[in-house]
Amino acid sequence: MAYSKKVVEKFENTLNNPEAFKVGRFDPKDSDVGTGMVGAPACGDVMKLQIKCEPKGNTHVIKDVKFKTYGCGSAIASSSELVEMLIGKTLEEAKSIKNIEIAKALELPPIKIHCSVLAEDSIKQAIEDYETKQ
Amino acid sequence: MSTQSTIYLDYASTTPVDPRVASKMMEFLTPEGEFGNPASRSHRFGWKADEAVEQARSHVANLVNCDPREIVWTSGATEADNLAIKGVARFYKSKGNHIITSKIEHKAVLDPCRQLEREGFDVTYLDPDEKGVISPSAVKSAIKDTTVLVSIMHINNELGTVNDIEEIGNITRDNGSFFHVDAAQSTGKVDIDLEKINVDLMSFSAHKTYGPKGIGALYVRRKPRVRLEALIHGGGHERGMRSGTLATHQIVGMGEAFRIANKEMNQDCNKISKFHEKFLDKVKEIDHVYINGDLDNKVPNILNISFNFVEGESLIMGLKDIAVSSGSACTSASLEPSYVLRALGRKDELAHSSIRFSFGRFTSDDDVNNTLDILANVVYRLRELSPLWEMHLDGIDLDTVEWNAH
């Protein structure tokens, strides 16, 4: 399958410079950390997304993000793209991110749209986890 | 775009045409060359082309030790498989409607079998053992009085495992059933002696053995005689079994490729065996690596490896300067992982993590060494990115996790 240039770039940058692209982990037990994990190995992709937040006014803001992804190049690129969108956003703003924004940014072909759906679900889950801790 | 910097390790998919073959083919195209129609009986252009076609037929026959009159030219192994399976089943349908094949056959065998099911035939799809081999005893227990045809591949294209076609042939002959073998991956890799074994039909491809794409052949046994219903009518070429003007240059290419294969098989195999050994040794240094297939019963040119906790397509993307194939879902349009690996009973995640490396005549020591270096590095990096690897290192048994599957 031919990939868009953007997917290839994102994938390679993430692979070659994991720290700069927020690959890693926070301690999931920390109270300021929310963790989301979606997908299944048998389906070929698993995304784990963690957000570190702090209160700001009457909401919370995402200070930092870490992720790890098992999956095809588009899945890895999608998580990396999402991570970039998240930093500095309020939880409300982060919740409103739609998979289509990721798919557009990476020019994902129709058969790879599920990668962006997975990314959207991972942020929703991470926020939910964070909110239950507060 | 130059592809010269990319290392080619996908010979099981197709091979480059050997330059000796290409230059031979060039002699049969241009006005200065022998461009005639081999079916033209009235002038020397036709006679010369016919001579070249018959010489090529002999080269193909020599490689597998059969009579040249038993070779029918086709457009490739896919057409040869179709002609053998549909041709025999339809011709002999009054004798029985049962067909036996296996779950790890190429689609060029499985799809014609599906078509025959739609036409009222009953098809048994045999399971391989966990190493990817179809056991003769499985054929023996499935065969019935009504079995007209058994179609089992010689060498599996994803795993390189070798089926015992000699033993299976004895079973089919005893039962009075015809035996077709897809040997697209065999020529130039293992010896085939059709005089010694009870195979009735065998499919060949040129482009897996350093010949051109678009040409193949079907062996159709004369004694005992096998008859079949043609798929393509018009002109009665190839004794009515496959009409259409013969593609002289393609046929000459296949003949030359098979002549060279006959001469250089040992040399090729020795070289490739060394690559195989080296590759295995090095790859085993990486943790959680599984070899798919039967190491004691496979050809050395194909090596199928699962790298646990790493998804195959991302591995292929990471190995951007190396051309390989994956059993991973994502490389196919269907999003299903390799049906061959699944048939072995491998967990889906291992099928998703599999890569097929295949070596050939033009593979160099540098190709192998560079690939091994890059491979270890990319697997390491992708595991650093993998939540599954992290969980594994934390001592979590992934089989006990409840996944949020999509």
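Read the figures in this text as sums done on the coordinates, not as results from a lab. What you see is a predicted model; the values in this text were computed from it and never measured. Positions of Cβ are generated from backbone atoms using ideal geometry, with glycine treated the same way; all protein chains shown enter the neighbour counts.
The packing ranking, built from the mean of other Cβ atoms within 10 Å per residue, places the peptides B:392-399, B:64-71 in the order B:64-71, B:392-399, highest first. Overall, the range A:1-81 carries a charge dipole of about 60 debye about its Cα centre when +1 sits on the Cβ of Lys and Arg and -1 on the Cβ of Asp and Glu, all other atoms neutral.
Given contacts defined as C-alpha pairs under 8 Å and at least six residues apart, what's the relative contact order of chain B, whole-number percent? Walk me through the numbers on the way to the answer.
Working: 797 pairs, mean separation 83.9, N = 406.
Over chain B, the number comes to 21 percent.
Result for chain B in a Gaussian network model with C-alpha springs under 10 Å: among B:144, B:263, B:103, the largest mean-square fluctuation is at B:263.
Which whole number gives the average, over all residues in B:305-316, of C-beta atoms from other chains lying within 10 Å of the residue C-beta?
Working: counts 0, 0, 0, 1, 3, 2, 11, 2, 10, 13, 2, 3.
For this peptide, the per-residue mean of nearby foreign Cβ atoms is 4.
With unit charges on the beta carbons (Lys and Arg positive, Asp and Glu negative) and the dipole taken about the Cα centre of chain B, which residue among B:386, B:353, B:108 sits farthest to the positive side? Comparing the listed Cα positions along the dipole, B:108 ranks first. Helix A:5-16 and the long axis of chain A differ in direction by around 60°, with both axes built from C-alpha atoms.
Panel order for B:25, B:241, B:153, B:254, by other beta carbons found within 10 Å of each beta carbon, from fewest to most: B:241, B:25, B:153, B:254. Between the amide H of residue B:246 and those of B:39, distances stay under 5 Å, these residues lying 5 or more places away or on another chain, with hydrogens modeled in the peptide plane. When only Cα pairs below 8 angstrom with a gap of at least 6 residues are kept, the range A:1-87 shows a relative contact order of 29 percent. Share of pairwise Cα-Cα distances greater than 35 Å in chain B is 32 percent (whole percent). A simple rule links phi to the HN-Hα coupling: the Karplus curve 6.51 cos²θ - 1.76 cosθ + 1.60 with θ = phi - 60°, which for the range B:192-197 gives 10, 10, 6, 6, 8, 10 Hz, with x for Gly and Pro.
Residue B:106 sits among other residues whose Cβ lies under 10 Å from its own Cβ, and their net charge, with Lys and Arg +1 and Asp and Glu -1, is -4. From other protein chains only, count the Cβ atoms within 10 Å of every residue's Cβ in A:76-89, then give the mean. Shielding by partners across A:76-89 averages 1.
When each of B:125, A:3, B:290, A:70 is scored by the number of other beta-carbon atoms lying within 10 Å, the sequence from fewest to most is B:290, B:125, A:3, A:70.
Normalising the Debye intensity of the protein assembly as shown to I(0), with uniform scatterers on Cα atoms only, and taking log10 at q = 0.07, 0.11 Å⁻¹ returns -0.49, -0.98.
How high is the relative contact order of the range B:1-159, in percent, with contacts defined as C-alpha pairs under 8 Å that are six or more residues apart?
Details: 159 pairs, mean separation 27.2, N = 159.
Averaging sequence separation for qualifying contacts and normalising by length gives 17 percent for the range B:1-159.
In the range A:18-134, taking the dipole from charged Cβ atoms about the Cα centre, the farthest positive-side position among A:103, A:76, A:33 is held by A:76.
Count, for each residue of A:32-42, the Cβ atoms from other chains sitting within 10 Å of its Cβ, then give me the mean as a whole number. Walk me through the intermediate numbers first.
On the way: counts 0, 0, 0, 0, 1, 5, 4, 5, 9, 18, 9.
Shielding by partners across A:32-42 averages 5.
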